[in-house]
Amino acid sequence: MLELNQLSIRFSGDARHLFSPLSFEVAPGEVAAVMGPSGCGKSTLLAAIAGTLSRCFTASGEIVLNQRQLLKLPQARRRVGILFQDDLLFPHFNVEQNLRFALGDVSRDEAERRIAQVLEQAELSGYQQRDIGHLSGGQRARVSVLRSLLAEPELLLLDEPFSKLDKALRAQFREFVFAQIKAMNIPALLVTHDHDDVPHAAQVHALQ
Amino acid sequence: MTRIDGRWLGVFPALTLLVMLVPLLSGLWYTLLPSFGYLPSLGFEQWSLQAWQALFAHPLTLQASGLSVLSGVLSSGLALISALYVLSHCYHRASWRWLQRAFAPMLAVPHVALAIGLVFLLAPSGWVLRSLSPWLTGFSYPPLWQSVQDPYGLSLVLALWLKELPFLLFMLAVAAGQLPLNASLAVGQSLGYSRAQVWWRVIIPQLLPRVRLPMLAVLAFACSVVDVAQVIGPTKPPTLAVLVWQWFSHSDVSFRLMGAAGALWLLALIGSVLLVYLWLERHYLRWSLDWQLNGRRHRPRSDKPAGLLVAAAMLLAGLAMVVMLIWSFAWRWRFPDMLPQTWQLGTWQQAAEFAYSPFSQSLLLALSSVLLSLLLCIGCLEYELHSDRARALRWSKLFYLPLLVPQVAFLFGLQVQLLKWQLDGRWLGVIWAHTVFVLPYVFLSLADNYRGFDQRYMQAAVSLNHRPLLSFVQIKLAMLAKPIAVAIAVGFSVSIAQYLPTLFIGAGRFSTLTTEAVALASGGDRRITAVMVILQSLLPLLVFSLAQLTTPKRVFKPFSWTFHVRT
């Protein structure tokens, strides 16, 4: 469960807030959407939740994830996964190495088993040794999602992850992501400026 | 590397400024005091203007000053103009890749190695005259010419030009890469201008401000270099930097006071040269505007002169290295024979004895100063991410300051300072002195790539494995492996080439390949000199080649291994 409590962000040394304070809850398996035109502070909001907020900003209010207060924690201890517009697969690693990076301290056999398993779910069986540069855009996007989820985050942030894919791929990939989130049973927060990306019946918050 | 644990990184810029500026400022301070008669460690405690009076009364001062400024300005100016000319004809043309590959080794070879090579080539007993004698010249003995170490400093200008041309060409190419070059060329050519015209009228005015720092460094270096000028520069009088260095190392210690005054005089001269260059660069655009907009179209001029210029430079540098190689295997080689009468491997076999100590000291000094510089640079660049970017940028400009101040102007003072701290003649002191000159180049070659790294990779990594430090090594440093390797190679070659810092701060207790090569070049055995110079050139070449072979994948080849480090 993710709870935002009167969360607001302002420039350090400036009283004005980027947007009016946000309060809402996101249940496990649910995808909530935050919408607004570009420049309204969507990405800054995600940075505050992920723990990568630049020093130029100060966040106030509360972010509670499964009873843990996030704001005071460093990024490494928040257990928050992020999916960006770009897949950000590490170019010097192959598919398996990228996925292995997200796994915890497990034995080699266990790692290989789980990687094979998730690749199969994503219809990428046998892609372990593929070079990142040789994957298609859609394949890269799917590997990127698998990687985020292998780290077993307690919350997934989606920073317009669909916007760089072409239309046909986009719908397919969106369903894949939402299905994965449901299966993991974790809350997810999506920022976007495209209504098509928001799942049906999801709660939508407009930044202003 | 989150906001919360990023603040401690502030240690790095603070430490770096300390490492860079303490030697510079205290060095200048302890040069200033002796110039007014105050140098208590040698028993001078009487404030006076004597040193300054003696400096300007000295019969050689004025001529030496003129030589320094003229040879420095002429060589740098010619290097800039010829680099621009070559660029305007060759950049991104068929010849460019070839040209880059051929010039790359010249960047790695120390200045003084090239200078010694030129002496072996152009001296009256050098290879050029040997190949023309006696059939053309009739000489059976080397003539008493001054084809090197000529009183006008022309051979010095040639040596400096030859070494700075590739450097400026490389810096200009990097700057040109940041401009919308193809669009400008397309637009310009569609308006009827030739390719070279577009370069001179549109692109070069944009390039000049971007190579300001390298150009200032080249000017300051060329006007104040000691080792190259000792090898190939004029002798009676020598350039001012060499004269000052002679005063500093004179057996009569009272000359040190005049040396201090001379060093500051050189600093003032170079300061004026740099100011004039800045002024020219600033007004160049305005002055040349009429010419840029005069609307005259030329048909494309031939690329041949540019090609010839490049070929001549490469031929000269290449022959200089070849003649060095021959000497290292020569046994008896009388004038005017083209090749040695008898060959030998003996010089190389003995090298294990006479070159071992300078080789290992060069290597150790280079490795330690490069590692120190790299650590500080990465720390500073990482700090930038967690702080006010604009302010950090302003501070980091100070790192380049030691490149603009003549070495001879503050190394004597630094020696006085380190003597007080009992660091002179010790490893730490010499490594520190090398770092002062290595760090700016490491920073220069690393900063752009490091700042260009997409920090979201780090955010993604930390959100995946929750280990900032491990992610930093496995992701960020690994992805930046190539630029880091190149920065190491650049720093390495800078350290190998250092002459004055090793001598001044080493207090004579350190001998490197460079100090040995310079000492041998004036009348030492040519065979041994050749071996020393080849080793001195090979070391940086080797490191550069290794850097070229580095890829992120190679760094993390034993991949599964790195994960078992996790506990």
> Within the range A:51-77, how many residues are open to solvent by less than 20 Å² (accessible area, probe 1.4 Å) and at pLDDT below 90?
Replying inline: 4
> Which condition number in (1) open to solvent by less than 10 Å² (accessible area, probe 1.4 Å); (2) in a helix (DSSP H, G or I); (3) not hydroxyl-bearing (Ser, Thr, Tyr) is the one that residue B:158 fails?
Replying inline: (1)
>> Please count how many residues of the range A:9-27 are in a strand (DSSP E or B) and open to solvent by 40 Å² or more (accessible area, probe 1.4 Å).
In response: 5
> From B:85, B:30, B:38, which residue is touching an Asp or Glu at 6+ places or on another chain (Cβ under 9 Å) and open to solvent by 40 Å² or more (accessible area, probe 1.4 Å)?
Replying inline: B:38
> Does residue B:94 fit the bill of being more than 14 Å from every other protein chain (Cβ to nearest Cβ) and open to solvent by less than 80 Å² (accessible area, probe 1.4 Å)?
Replying inline: no
> What are the residues in the range B:382-415 that are open to solvent by 40 Å² or more (accessible area, probe 1.4 Å), out of contact with any Leu (no Cβ under 6 Å at 6 or more places or on another chain) and more than 16 Å from residue B:24 (Cα to Cα), if any?
Replying inline: B:385, B:388, B:389, B:390, B:391, B:393, B:394
>> One residue is enough: does the range B:98-106 have a residue meeting the conditions open to solvent by less than 10 Å² (accessible area, probe 1.4 Å), touching a Leu at 6+ places or on another chain (Cβ under 6 Å) and touching a residue at least 24 places away in the same chain (Cβ under 8 Å)?
In response: no
> From the list B:72, B:66, B:138, B:77, which one is small (Gly, Ala, Ser), in the same structural domain as residue B:175 (by TED's automatic domain parsing) and open to solvent by 50 Å² or more (accessible area, probe 1.4 Å)?
Replying inline: B:138
> When you go through B:267, B:243 one by one, which is the residue that is open to solvent by 30 Å² or more (accessible area, probe 1.4 Å) and part of a helix (DSSP H, G or I)?
Replying inline: B:267
> Pick from the range B:542-567 the residues that are open to solvent by 50 Å² or more (accessible area, probe 1.4 Å), at pLDDT 60 or above and away from chain A (no Cβ under 11 Å): which of them is nearest to residue B:486 (Cα to Cα)?
Replying inline: B:548
>> Quick test for you: out of A:125, A:107, A:136, pick the one residue that is among the small types (Gly, Ala, Ser), under 26 Å from residue B:551 (Cα atoms), out of contact with any His (no Cβ under 9 Å at 6 or more places or on another chain) and surrounded by fewer than 21 Cβ atoms within 10 Å (Cβ to Cβ).
In response: A:136
> Where residues in the range B:166-183 are modelled with pLDDT of 85 or more and surrounded by fewer than 16 Cβ atoms within 10 Å (Cβ to Cβ), which of them is nearest to the chain's Cα centre (by Cα)?
Replying inline: B:174
> If we scan the range B:401-420, do we find a residue that is within 14 Å of chain A (Cβ to nearest Cβ), modelled with pLDDT of 90 or more and closer than 21 Å to residue B:450 by Cβ?
Replying inline: no
> Looking only at the range B:272-308, which residues are surrounded by 15 or more Cβ atoms within 10 Å (Cβ to Cβ) and at pLDDT 90 or above?
Replying inline: B:273, B:274, B:277, B:281
> Any residue at all in the range B:196-204 that is open to solvent by less than 10 Å² (accessible area, probe 1.4 Å) and either basic (Lys, Arg) or not in a helix (DSSP H, G or I) (or both)?
Replying inline: no
>> If residue B:190 meets every condition in (1) open to solvent by less than 10 Å² (accessible area, probe 1.4 Å); (2) at pLDDT below 90 apart from one, which number is that one?
In response: (1)
>> For the structure I just gave you, tell me whether residue B:528 is at pLDDT 95 or above and either among the β-branched types (Val, Ile, Thr) or touching a Leu at 6+ places or on another chain (Cβ under 9 Å) (or both).
In response: no
> Just one of the numbered conditions (1) part of a strand (DSSP E or B); (2) open to solvent by 20 Å² or more (accessible area, probe 1.4 Å) is not true of residue A:4; which one?
Replying inline: (2)
>> Being closer than 26 Å to residue A:78 by Cα, without any contact (Cβ under 8 Å) to a residue 60 or more places away in the chain and touching a Leu at 6+ places or on another chain (Cβ under 9 Å) narrows it down to one residue among A:132, A:115, A:181; which is it?
In response: A:115
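Yes/no per residue for (1) open to solvent by 10 Å² or more (accessible area, probe 1.4 Å); (2) touching a residue at least 12 places away in the same chain (Cβ under 8 Å); (3) within 14 Å of chain A (Cβ to nearest Cβ); (4) part of a helix (DSSP H, G or I):
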residue	(1), (2), (3), (4)
B:429	no, yes, no, yes
B:442	no, yes, no, yes
B:447	no, yes, no, yes
B:453	yes, yes, yes, no
B:460	no, no, yes, yes
B:472	yes, yes, yes, yes
>> Residues to consider are B:528, B:534; find the one that is open to solvent by 30 Å² or more (accessible area, probe 1.4 Å) and more than 14 Å from chain A (Cβ to nearest Cβ).
In response: B:528
>> From the list A:200, A:193, exactly one residue is in contact with a Pro (Cβ under 7 Å, 6 or more places away or on another chain), farther than 25 Å from residue B:462 by Cβ and open to solvent by 60 Å² or more (accessible area, probe 1.4 Å). Which is it?
In response: A:193
>> Residues that are within 8 Å of chain A (Cβ to nearest Cβ), open to solvent by less than 10 Å² (accessible area, probe 1.4 Å) and β-branched (Val, Ile, Thr): does the range B:483-504 have at least one?
In response: no
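The values are calculated or read from the model by the stated rules, or taken from the named source; none is laboratory data. What you are looking at is a predicted structure, and each value in this text was computed from that prediction instead of being measured. A quick note on method: Cβ atoms are made from the backbone with ideal geometry, for glycine too, and the neighbour counts reach across all protein chains shown. Heavy atoms of the whole protein, side chains included, go into the accessibility calculation; ligands, DNA and RNA do not. Shrake-Rupley method; radii C 1.70, N 1.55, O 1.52, S 1.80 Å.
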